[in-house]
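The values are calculated or read from the model by the stated rules, or taken from the named source; none is laboratory data. Here the structure is a predicted model, which is why all the values come from computation and not from measurement. All Cβ positions, even for glycine, are placed from backbone atoms using ideal geometry, and neighbour counts span all protein chains on display.
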Amino acid sequence: MIFSIDSRGFFHFPIRIGYNKVMKTKQLLDRNEIFEKLELRKVTSVSVAFSGGDDEGYCEEIILIHEDGSASTLSEPYISTTYDSVKQQWVYSRELTDDEVLAESLCKPIYDEFGSFAGDFSVDGHLIWNVKEKTAILKKNIATRVSEYDEEEV
């Protein structure tokens, strides 16, 4: 990974947002706010594809299905972060857009489940958000020495 250290001792990484980051001003949306934002966009469901393991992983694709049957996509953003060694937290280099906040919020249950994807395993799956039923189902296939399939409401 390429990074730089500034004169104050802060590390600068061009990485994906995900876990353990502090936003400049906007916060991630909670579950109710996610469903409110999706309803305002006339979205009926969202599929968030993800994969990872062996110390890296991310949301690959976020597909929103609208009431009229059309689809649109969101992307998990790449944003430079700075590690503030005094506050001991990551800080974004700029404020996130509304789409970026929604994308990060939709991915959050995946990072809550797998963190940094550290470990001797690989996983892939989908997080399915059902706006009408206000549910989020995490479908995952984890490969270790023995593969297993699991589905749970998150």
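Quick check on the range 87-112: of everything there that is modelled with pLDDT of 85 or more and acidic (Asp, Glu), which residue is nearest to the chain's Cα centre (by Cα)? In this case the residue turns out to be Glu104.
When Asp84, Asp55 are screened for being within 16 Å of the chain's Cα centre (by Cα) and modelled with pLDDT under 85, only Asp55 passes. Ser47 meets all of the listed conditions (1) at pLDDT below 95; (2) among the hydroxyl-bearing types (Ser, Thr, Tyr); (3) under 21 Å from Glu133 (Cα atoms) but one, namely (1).
The residue that is nearest to Thr44 (Cα to Cα), among those in the range 91-149 that are touching a residue at least 60 places away in the same chain (Cβ under 8 Å) and of a type in the set (Phe, Trp, Tyr), is Trp129.
Against the conditions (1) of a type in the set (A, V, I, L, M); (2) under 17 Å from Glu152 (Cβ atoms); (3) in a loop (DSSP other than H, G, I, E, B), where does Ile137 fall short? Just the number, please. Ile137 satisfies all of (1) of a type in the set (A, V, I, L, M); (2) under 17 Å from Glu152 (Cβ atoms); (3) in a loop (DSSP other than H, G, I, E, B) except (3).
Every condition in (1) surrounded by 12 or more Cβ atoms within 10 Å (Cβ to Cβ); (2) closer than 24 Å to Glu133 by Cβ; (3) modelled with pLDDT of 90 or more is met by Leu28 except one, and the failing one is (3).
One residue stands out in the range 95-151 among those that are of a type in the set (Asp, Glu) and within 26 Å of Gln27 (Cα to Cα): the one that is surrounded by the most Cβ atoms within 10 Å (Cβ to Cβ), namely Glu104.
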